[in-house]
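Peer 1: The structure is given below, and queries will be raised subsequently.
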């Protein structure tokens, strides 16, 4: 049952605002969004690099990651045409490079070259990795889902490369990774205060509840 509007809130149903304005509000509240810095190679052999801030896990086992292309961009076309892509960690040290790679260069121009970003060979796929990124996740395209103006791409992880410089006792340290995230408008964020909180076992939760 639909309730009445609550005082002090702006209530907006789908269709009450222009599509882009409504999406802008959503992107300002679904935050922070991790960034998939996606490198691909076209069927003509041209490398592409671009950030995508609609990105997350889709499956733990098997390991499947997903990113969304808002519009039909080079990352989408290449990932579907060749079946391969790499997700590089968008870290604070590469903020300017990540932003530069978002410039809409035409398909026959290489963002690595145009933005002066060093590349390195991947291990299991053809698209190169960003040499300065501390993490590279090599993927093979599993499938995609088309939502009209956006397409979600699912990729199976086939190789993971992590720099020793961000590992502490064999595990990635969030303070060393320094991942970037997107907010609303042209805003970016870094990792802020970190809270350590263990999950509550069921028996303990029941005892506390009683």
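Peer 1: Please compute the length gained on full extension between residue 96 and residue 17, using 0.36 nm multiplied by the number of residues separating them and subtracting their Cα-Cα distance. It would help to have the intermediate numbers written out before the result.
Peer 2: Numbers: separation 79, 0.36 × 79 = 28.44 nm, distance 3.31 nm.
The residue 96-residue 17 span can extend by a further 25.1 nm.
Peer 1: Measuring from centroid to centroid over Cα atoms, what is the spacing of region 131-199 and region 50-111 in Å?
Peer 2: Between the Cα centre of region 131-199 and that of region 50-111, the gap is 11 Å.
Peer 1: Note down the nm distance, to one decimal, between modelled labels 7 Å out along Cα→Cβ at residue 31 and at residue 171.
Peer 2: 3.0
Peer 1: Pick from 26, 177, 65 the residue whose mean-square fluctuation is largest in a GNM of the chain, springs joining Cα atoms under 10 Å.
Peer 2: Top of the fluctuation ranking is 26.
Peer 1: Translational diffusion coefficient of the chain at 25 °C, 0.890 mPa s, Stokes-Einstein with Kirkwood Rh over Cα pairs, in µm²/s as a whole number. Could you put the intermediate results ahead of the total?
Peer 2: Numbers: Rh = 19.1 Å.
My calculation gives 129 µm²/s for D.
Peer 1: Mind giving me the FRET efficiency for residue 81 and residue 56? R0 is 30 Å, r the Cβ-Cβ distance, nearest 0.05 is fine. The partial results should precede the final answer.
Peer 2: Working: r = 24 Å, r/R0 = 0.78.
Using R0 = 30 Å, I get an efficiency of 0.80.
Peer 1: Residue 103 to residue 194: FRET efficiency via 1/(1 + (r/R0)^6), r the Cβ-Cβ distance, R0 25 Å, to the nearest 0.05? Each step should come with its number before you reach the end.
Peer 2: Numbers: r = 33 Å, r/R0 = 1.31.
Approximately 0.15, to the nearest 0.05.
Peer 1: On to the next question. With an 8 Å Cα cut-off and a minimum separation of 6 or more residues, compute the relative contact order for region 23-78 in percent.
Peer 2: About 29 percent, as a whole number.
Peer 1: Going 7 Å from the Cα of residue 156 in the Cα-to-Cβ direction, what parts of region 47-71 have a backbone nitrogen less than 17 Å from that spot?
Peer 2: Taking a point 7 Å out along Cα→Cβ of residue 156, the residues of region 47-71 whose backbone N falls under 17 Å are 58-67.
Peer 1: Give the calculated FRET efficiency between residue 147 and residue 205 to the nearest 0.05, with a Förster radius of 45 Å applied to their Cβ-Cβ distance. Mind dumping the intermediate values first?
Peer 2: Values: r = 38 Å, r/R0 = 0.85.
Using R0 = 45 Å, I get an efficiency of 0.75.
All of the numbers you see were taken from the coordinates with simple rules; none came from a lab. Bear in mind that the values here come from a model prediction, so they are computed numbers and not experimental data. A quick note on method: Cβ atoms are made from the backbone with ideal geometry, for glycine too, and the neighbour counts reach across all protein chains shown.
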